[in-house]
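Okay, so here's the structure we're looking at.
The values are calculated or read from the model by the stated rules, or taken from the named source; none is laboratory data. As the structure is a prediction and not an experimental result, all values here were calculated from the model. Note that we place each Cβ from the backbone using ideal geometry, even for glycine, and neighbour counts take in every protein chain shown.
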Amino acid sequence: MADLKVTELNAITSASVATDDVLLVVDVSAGEDKKIEPDELVEAGLGLLSTGVINGNKLVDNSVTATQIAADAVTASELADNAVDEGAIAAGAVHGTAVPGTGSKVHLVAASIGTADIGDDQVTTAKIADDAVTADQIAANAVSGSETTLGTTHIEAASIGAADIKDASITAAKLTGGSLIPTTGIVDSDVSSSADIAVSKLQDFSPNTVLAGPSTGATAAAPTRRALVAADLPNGTASANGAVSVPTGGGLNISSGQISHSNSVTAADLGYVAFDAQGHITSGRALAASDLPVATTSAVGGISIGSGLSISSGSASLNTASTSALGGIKLSSEVELNGSDQLQLVTSGVTAGTYPKVTVTSKGIVTSGTTLADSDIPNHSADTLTSGTLDAARLGANTITGAKMANDSTCVIQSTTPATGDFEGQFHLNSSSNVLTVWNGSTFVAVSAAAAIDDGTY
């Protein structure tokens, strides 16, 4: 339709305004008309409003939420009286410093203070009422002698036993007369063991004495304390213990109450000895050749050393073996005896297998085996090669002839252009269009003279 004046345009309601609508705006400073979307117009208009021009009458009820209120913006002056109730206060948010009259009992609920609310060692004597502590509040064994003064009125009758009296704590001054020995005297039942009577209070118990009758005279005589004599001891027998005597010549001797051999042979390690009827050695000497019987095939005895053996420091040994004579041999580290007393090589430690490279000793024993390394292979002339391929490093300069060049090696001939070339300067001839291109390292580009190429002849 034709352009209309602004006054001739149809009006739209606020409900019909969409975000993608365009509004006409006259830019007076520029002398031209411009367009703006509704949301941009509203945003720009809010920025142009003067401070304090929007009052409460312009706000819809309940339109201001916590999101529109800045942090710490609400002070006590904005709150109505009695506006903050218990539901608006977080649990544990009100501390003692926030409650007027802190410490006053008017703020405490009856019976609300428990053990956890009282600090350790905070209840003093002044805070405890008279007669407030009873036996129920005192732990067992909690009151000792340091907490109270005990008198006879505090001890129950017959409550102190032997375990309650410290050893050696009762002196003679604490005993009443006649408290230890009864007036009727001591009877057998009063003494249960020797521990009840001190040794110092008994009749003479000097060492080596015995309470017995006289060693001679009448047997009915009253016993007395006297020393033991030989006659008091019974003779020992084969079936009963008793006193014994050491006769002269019996091979034994008594000295300071100790029995010992009466022999006087000098201690030595002797091969030939003489002994008496009591089995005591009386003499000894080294063995002589005549003391040994001659050995036979059926009897053990002395022998002499022939030419096959030699004697050194009393030890017999084999003569040294040679290529012409038998004798003793010594095993080297390379050989050993097996369980059948047979000689065998000592295991070298090399795992059995086939190795291209081995290390051997001068005796031909393999001591290690490994694979070949490059350094193990000697250099070879190309004249000795019969198969395989060579890398570029092994090719000499100007050694590749045309006969050795592969098809497509310098120029790829096909109807489609290869994705990449093998080297810079490689040609591609399109077999369909006869267009010649060359690889520059990133793409195949047409050769400038390609238009003159005719029928593939060049």
Only one of these is closer than 30 Å to S332 by Cβ, at pLDDT below 85 and among the polar types (S, T, N, Q): S362, S448. Name it. S362
So for the range 388-407 (the condition being surrounded by 11 or more Cβ atoms within 10 Å (Cβ to Cβ), assigned to a loop (DSSP other than H, G, I, E, B) and in contact with a Leu (Cβ under 8 Å, 6 or more places away or on another chain)), does at least one residue qualify? no
If G369 meets every condition in (1) among the small types (G, A, S); (2) at pLDDT 85 or above; (3) closer than 30 Å to I329 by Cβ apart from one, which number is that one? (3)
Filter pass, V412 being outside any helix (DSSP H, G or I), among the aliphatic types (A, V, I, L, M) and within 30 Å of L436 (Cβ to Cβ): yes
Looking at S348, S362, S368, which is the one that is more than 46 Å from the chain's Cα centre (by Cα) and among the hydroxyl-bearing types (S, T, Y)? S362
Contacts under 7 angstrom Cβ, first residue in the range 272-283 being farther than 15 Å from G251 by Cα, partner among the charged types (D, E, K, R) and surrounded by 12 or more Cβ atoms within 10 Å (Cβ to Cβ), 6 or more apart: Y272/R285
Across the range 44-88, which residue is nearest to the chain's Cα centre (by Cα) among those that are aliphatic (A, V, I, L, M), farther than 30 Å from L23 by Cα and outside any loop (DSSP other than H, G, I, E, B)? A88
